[in-house]
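Read the structure below first, then the notes.
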Amino acid sequence: MVGRPWAGFDIGGIPKYRPKGRGPYAWAMRLLESFRSVARFRPIEFDATRRRLSRAASVDDLRRLAKRRLPAGVFHYIDGGAEDERTMNRNVEGFAGLEFKPRVLRDVSNVETASRLLGRSIPAPLILAPTGFTRIAHPEGELAVARAAAGIGLPYTLSTMGTRSIEEVAGVGTGPKWFQVYTWRDRGLVRELVERAAAAGYEAIMLTVDTAVLGRRERDVRRGLTLPPKLGLDTVVEGVIHPAWTYGLLTNEPITFSNVVGRHGVDGTSAVTLSEYTNSQFDAALSWSDVDWLRTVWDGPLVLKGIQTVEDARLAVDHGIEAIALSNHGGRQLDDAPAIVELIEPVAQAVGGQIELIADGGVRRGGDIVKALALGADAVMIGRAYLYGLGAGGQAGVDQVLGFLVDGMARTMALTGCQRVDDITRDLVSWRDPSRRAGGMGPNSGRPGPPLSPGSLLT
Ligand SMILES: Cc1cc2nc3c(=O)[nH]c(=O)nc-3n(C[C@H](O)[C@H](O)[C@H](O)COP(=O)(O)O)c2cc1C
């Protein structure tokens, strides 16, 4: 062995060398030869955005990239929730409380994620939720998100608080578009927006009903966030250390609430806190009679977003609503509201089949979509997931998020033995918590349990 230090040399996959020649040169050449046989270099990517995105393997990775790219105030406006953020976190963690009961030896060579919602077919049961002030994450804002959704035919919901107009977004691709309304005190303005959405070909109106007043988002309170952002010393420093974001902000037209532009006091041209804005403009007196009023100005499908109890789900059925979004606004409104995943089953048992159910909150993986469907949802909706993609890399980042989710859904279906969405049934998942299994979750315990009392999980 003395004088032949390479003998038996083996580092992580480099084979052992038995050089025939002598001396360090022969040894180095053989080492190089062996290295060449195992080295695999990725082609060099010259586009900075693509290079950045290529390092992300999950929505969570994109969240980290967005955190690096966006000024802290902007990132936390997107990422944060109300008060102690328990509901926000439980929305995400709730999905981890379920495990699959995978079936095997079922031909899954052709998995199909396609589904139907509000009378039309969609490539996957996935909707892009309304998010206000989207251009704060990227100058293209809603246009980039709508393009990504239209690229694969998923419904995109434009927010009343959008920073691109109803007409601009309608002009993007051919994918289905929905419009979300808050109810301003000025009902004339609401009627006008709904009529514009109808004229521009939007297919559904989504009325958000969980915003009587704005939740207290303490990350924004601490940073004194205003919309549009006000310049102060801290924002200047943040702007300097996030030059790409700052360049985008300074070289594009000012961010305003594009749908009400020119309406003094409501168009977002004067910097106010979101809670000041909401509390002065939105109607806290909103009630079921307003839902009936909305019917008189819109005769297409109506979606109520923000339903959080079985009782309100039943009322929605009584009022002839086509779909409800079980939603706590991504945990941004009432802290300690129920986690979405816990709402799905009791609501599905009470009103499933009479109204379509959309689960909104905490979805970060394709497997979450499968779990929500197994519990009785017809579709899921995402908010932050696509905003992380947008913040990390504009439309390409949103494309990537949608790819992760739809591919992840197909992969989960294959690994659990489901060929089509109809194969995703209640017996595909069980709660990890043994007390819930014993609590009448039927197939979880392997035997039919007593019917679940809807109130038991919700009160
Ligand atoms: C930055 C941000 C802005 C939002 N703006 C609106 C809005 O204008 N209207 C609305 O109905 N919901 C809004 N939401 C809530 C989303 O539509 C959705 O309910 C929520 O993001 C779902 O939870 P997730 O983020 O965990 O997917 C917003 C959410 C975020 C994160």
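The values are calculated or read from the model by the stated rules, or taken from the named source; none is laboratory data. None of these values were measured; they are calculated from a predicted model. Cβ sites come from the backbone with ideal geometry, for glycine too, and all protein chains shown count toward neighbours.
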When the stretch 61-95 is examined, which residues are found to be exposed (fewer than 14 other Cβ atoms within 10 Å of the Cβ) and under 16 Å from residue 368 (Cα atoms)? 93
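Assess whether residue 373 counts as being surrounded by 24 or more Cβ atoms within 10 Å (Cβ to Cβ), more than 13 Å from the ligand (Cβ to nearest atom), in a strand (DSSP E or B) and not β-branched (Val, Ile, Thr). Working first, answer last.
Numbers: surrounded by 24 or more Cβ atoms within 10 Å (Cβ to Cβ): yes; more than 13 Å from the ligand (Cβ to nearest atom): yes; in a strand (DSSP E or B): no; not β-branched (Val, Ile, Thr): yes.
Answer is no for this residue.
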Of everything in the stretch 145-169 that's without any contact (Cβ under 8 Å) to a residue 40 or more places away in the chain and away from the ligand (no atom under 15 Å from the Cβ), which residue is farthest from residue 277 (Cα to Cα)? 153
So residue 288 ticks every box in (1) among the hydrophobic types (A, V, I, L, M, F, W, C); (2) within 29 Å of residue 186 (Cβ to Cβ); (3) touching a His at 6+ places or on another chain (Cβ under 8 Å); (4) in contact (Cβ under 8 Å) with a residue 60 or more places away in the chain but one. Which box is left unticked? (4)
Return the residues of the stretch 240-266 that are at pLDDT 75 or above, within 25 Å of residue 210 (Cβ to Cβ) and assigned to a loop (DSSP other than H, G, I, E, B); say none if nothing qualifies. 255, 256, 257, 263
Given the structure, is residue 378 surrounded by 24 or more Cβ atoms within 10 Å (Cβ to Cβ) and either of a type in the set (Asp, Glu) or at positive phi (or both)? no
If you check every pair at least six apart or on different chains, which have Cβ atoms under 8 Å apart with a residue in the stretch 188-205 that is in the same structural domain as residue 303 (by TED's automatic domain parsing) and outside any helix (DSSP H, G or I) first and a residue that is modelled with pLDDT of 95 or more and of a type in the set (Lys, Arg) second? 200/177; 201/177; 202/177; 203/120; 203/177
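Would it be correct to say that residue 214 is at pLDDT 95 or above, within 13 Å of the ligand (Cβ to nearest atom) and assigned by TED's automatic domain parsing to the domain that holds residue 86?
Values: at pLDDT 95 or above: no; within 13 Å of the ligand (Cβ to nearest atom): yes; assigned by TED's automatic domain parsing to the domain that holds residue 86: yes.
Here the answer is no, as residue 214 does not meet what is asked.
Here is a list: 403, 352. Which entry is surrounded by fewer than 20 Cβ atoms within 10 Å (Cβ to Cβ) and either over 21 Å from residue 130 (Cα atoms) or among the aromatic types (Phe, Trp, Tyr) (or both)? Full working, then the answer.
Values: 403 fails: either over 21 Å from residue 130 (Cα atoms) or among the aromatic types (Phe, Trp, Tyr) (or both).
Going through 403, 352 in turn, just one is surrounded by fewer than 20 Cβ atoms within 10 Å (Cβ to Cβ) and either over 21 Å from residue 130 (Cα atoms) or among the aromatic types (Phe, Trp, Tyr) (or both): 352.
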Does at least one position in the stretch 72-79 carry a residue that is at pLDDT below 95, outside the structural domain of residue 360 (by TED's automatic domain parsing) and not hydrophobic (A, V, I, L, M, F, W, C)? no
Contacts under 6 angstrom Cβ, first residue in the stretch 380-397 being under 22 Å from residue 368 (Cα atoms) and touching a residue at least 24 places away in the same chain (Cβ under 8 Å), partner among the basic types (Lys, Arg) and not in a helix (DSSP H, G or I), 6 or more apart: 385/364
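Quick check on residue 142: is it within 16 Å of the ligand (Cβ to nearest atom), in a helix (DSSP H, G or I), at pLDDT 95 or above and acidic (Asp, Glu)? Lay out the reasoning, then the answer.
Working: within 16 Å of the ligand (Cβ to nearest atom): yes; in a helix (DSSP H, G or I): yes; at pLDDT 95 or above: yes; acidic (Asp, Glu): yes.
Considered against the rule, which asks whether it is within 16 Å of the ligand (Cβ to nearest atom), in a helix (DSSP H, G or I), at pLDDT 95 or above and acidic (Asp, Glu), residue 142 comes out as yes.
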Has the stretch 233-251 got at least one residue that is in the same structural domain as residue 69 (by TED's automatic domain parsing), among the hydroxyl-bearing types (Ser, Thr, Tyr) and within 16 Å of the ligand (Cβ to nearest atom)? no
Restricting the stretch 198-242 to residues that are β-branched (Val, Ile, Thr) and surrounded by 14 or more Cβ atoms within 10 Å (Cβ to Cβ), the residue that is farthest from residue 173 (Cα to Cα): 235
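From the list 179, 133, 95, exactly one residue is in contact (Cβ under 8 Å) with a residue 60 or more places away in the chain, under 27 Å from residue 355 (Cα atoms), in the same structural domain as residue 269 (by TED's automatic domain parsing) and aromatic (Phe, Trp, Tyr). Which is it? Let's see the steps before the verdict.
Details: 179 fails: in contact (Cβ under 8 Å) with a residue 60 or more places away in the chain; 133 fails: under 27 Å from residue 355 (Cα atoms).
Checking each option against the conditions leaves just 95.
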Options 306, 300, 320: the member that is assigned to a strand (DSSP E or B), modelled with pLDDT of 95 or more and surrounded by fewer than 24 Cβ atoms within 10 Å (Cβ to Cβ): 306
Mind checking which residues of the stretch 104-137 are within 11 Å of the ligand (Cβ to nearest atom) and farther than 20 Å from residue 405 by Cβ? 132, 133, 136
